[in-house]
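Below: the structure, in structure tokens.
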Amino acid sequence: MPATRTTTEPDVPPATAGDSSTTESPLSRILRHDVAASLVVFLVALPLSLGIAIASGAPIMAGLIAAVVGGVVAGLLGGSPLQVSGPAAGLTVVVAELVNTFGWKVTCAITVAAGVLQILFGLSRVARASLAISPMVVHAMLAGIGITIALQQVHVLLGGSSQSSAWNNLTALPSQIGDAHLYDVFVGATVIAILLAWKFVPDRLRRVPGPLVAVVAATVLSLVLPLEVERIVLDGSLFDAIALPALPDGRWLGVATGVLTVALIASVESLLSAVSVDKMHTGPRSDLNRELLGQGAANITSGILGGLPVTGVIVRSSTNVSAGARTKASAVLHGVWILVFSALLAGLVQQIPKSVLAGLLIVIGIQLIKLAHLRIAHRTGDLWVYGVTVAAVVFLNLLEGVLIGLALAIALVVWRVVRASIHAEPVGTPQSRQWRVVVEGSCSFLALPRLTGVLASVPPGSQVTVELTVDFLDHAVFEVI
């Protein structure tokens, strides 16, 4: 019988970036696909940028400046065709700490220096090496950031102000609940309810971004009823918010630590996001070293103009892909739309209650905690790494938490390498007095106590077969056997 071959089509979107089967001209492709996708991404990015700025303790317009720069500069110069950059929740905790320690203008200078460091990373072509960080530590870092954001914003949703640390936010929560402002709680809870229920609405309605629907609906509700809630206050226009950074007046070690922290986290988050976006389409792959150059240029520009640090953001990027984007034009245009809105319609922003953005950020923070990551950590034996990293990020700080997580992950790897699996078992009937000792893994002198103990447990006079399934056997173990 002749052999037959069955081919299967990969499960990918019907139209993807760089699809060679299309006969559209570049201009018609941009007009048909990228313009529409950019509008969708703009509607998602606008409320997120405002909320992240507030959570970071930065000027509100700094979030919009970073969104514009992330879209235009990183979009034009970066190496990922469909990634969308802007202010990210992953740096909220770091930026808030820098603002509290050094002030806003020095934080902008730190952002500029971090961008320079990212460009050096890109020129040295170490992008792939940075992906060697344990994914479990990255997942735990994001979960810790999510918990920290949620603890901060719960106080804002209740009509109060967030405390200086996660522990203070936690201990002050009972008294804040007792003093809750019911109107703020109502509009904030409305946002949370809409966001949680949005995935259950018909597909046709889900084409409208859930965050936009939630923010608009809750804001209109607060105006129609009307409710006495605290609203966003803008000090001038977008162009008034542009301010040059300032150099610190000392504490250079802290500044250097801040620069390194922002550069590393922004780089890793951007690269992980770019790799994830590549899996969502079948078009050109990302040039990760060039992406670091684009991210560095965006952070230099954002810091000089008085904006938040910029990273590649998976929420905006996945929205960009699902909305049908084909080229970088979508990311660039989304930045243009934010610029136009910020320049002409900034007055609308002041109608948004603070508790509305707090509800949005609480949901975003909780969504950073993935149950799938917890299940993977449990299955692979990395639950301790995950839990310790989360706790350290929440109750210490982001850099210390990540370093502790990395140290624990490395220690666990070393432990698994040096800890050989050794056991003895009888073979056949008891009368045959035959035993088998199985040694698996890497067997070094560190395994000698366990090896000698297992060998001693074999009854005297038995016939023993030693089975070695090892990738390393040092001289000490060889002599014992």
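The values are calculated or read from the model by the stated rules, or taken from the named source; none is laboratory data. Note that the coordinates shown come from a computational prediction; the quantities given were computed from them, not determined experimentally. Reconstructed Cβ throughout: ideal geometry from the backbone, glycine too, with neighbour counts over all protein chains shown. In case anyone asks, the SASA skips ligands and DNA or RNA and just uses the protein heavy atoms, side chains included. Shrake-Rupley method; radii C 1.70, N 1.55, O 1.52, S 1.80 Å.
A single member of Thr107, Thr101, Thr111 is of a type in the set (S, T, N, Q), surrounded by fewer than 21 Cβ atoms within 10 Å (Cβ to Cβ), within 22 Å of Leu398 (Cβ to Cβ) and modelled with pLDDT of 85 or more, and it is Thr101. Comparison of Gly453, Gly387 shows that the only residue that is closer than 30 Å to Thr101 by Cα and of a type outside the set (Val, Ile, Thr) is Gly387. Working only within segment 289-322, note down all residues that are modelled with pLDDT of 90 or more, over 23 Å from Ser342 (Cα atoms) and out of contact with any strand residue (DSSP E or B) (no Cβ under 9 Å at 6 or more places or on another chain). Residues satisfying the conditions are Asn289, Arg290, Leu292, Leu293, Gly296. The condition (being under 13 Å from Ile265 (Cβ atoms), in contact (Cβ under 8 Å) with a residue 12 or more places away in the chain and open to solvent by 40 Å² or more (accessible area, probe 1.4 Å)) is satisfied by just one residue among Ile177, Ile133: Ile133.
Listed here are the helices (runs of 4 or more DSSP H) enclosed by segment 318-389 that have at least 3 residues being of a type in the set (Val, Ile, Thr) and more than 21 Å from the chain's Cα centre (by Cα): 329-344. Residues that are hydroxyl-bearing (Ser, Thr, Tyr) and surrounded by fewer than 21 Cβ atoms within 10 Å (Cβ to Cβ) do occur in segment 269-287.
Looking across segment 152-174, just one residue is among the hydrophobic types (A, V, I, L, M, F, W, C), open to solvent by 30 Å² or more (accessible area, probe 1.4 Å) and closer than 21 Å to Val215 by Cα, and that is Val154.
Any residue that is of a type in the set (A, V, I, L, M) and open to solvent by 40 Å² or more (accessible area, probe 1.4 Å) - is there at least one of those in segment 226-233? Yes, the conditions are met somewhere in segment 226-233.
Could you tell me whether Thr389 is more than 30 Å from Val69 (Cβ to Cβ), of a type in the set (S, T, N, Q) and either touching a residue at least 60 places away in the same chain (Cβ under 8 Å) or open to solvent by less than 20 Å² (accessible area, probe 1.4 Å) (or both)? Yes: the conditions hold for Thr389. If the condition is being charged (D, E, K, R) and touching a residue at least 60 places away in the same chain (Cβ under 8 Å), then segment 278-325 contributes Asp278, Asp287, Arg290, Glu291, Arg316.
Look at (1) in contact with a helix residue (DSSP H, G or I) (Cβ under 7 Å, 6 or more places away or on another chain); (2) free of Cβ contacts under 8 Å to residues at least 24 places away in the same chain; (3) within 26 Å of Ser444 (Cβ to Cβ) and you find that Ser421 fails only one, number (1).
For segment 197-214, taking the residues that are more than 16 Å from Ser49 (Cα to Cα) and β-branched (Val, Ile, Thr), the one that is least open to solvent (accessible area, probe 1.4 Å) is identified as Val201.
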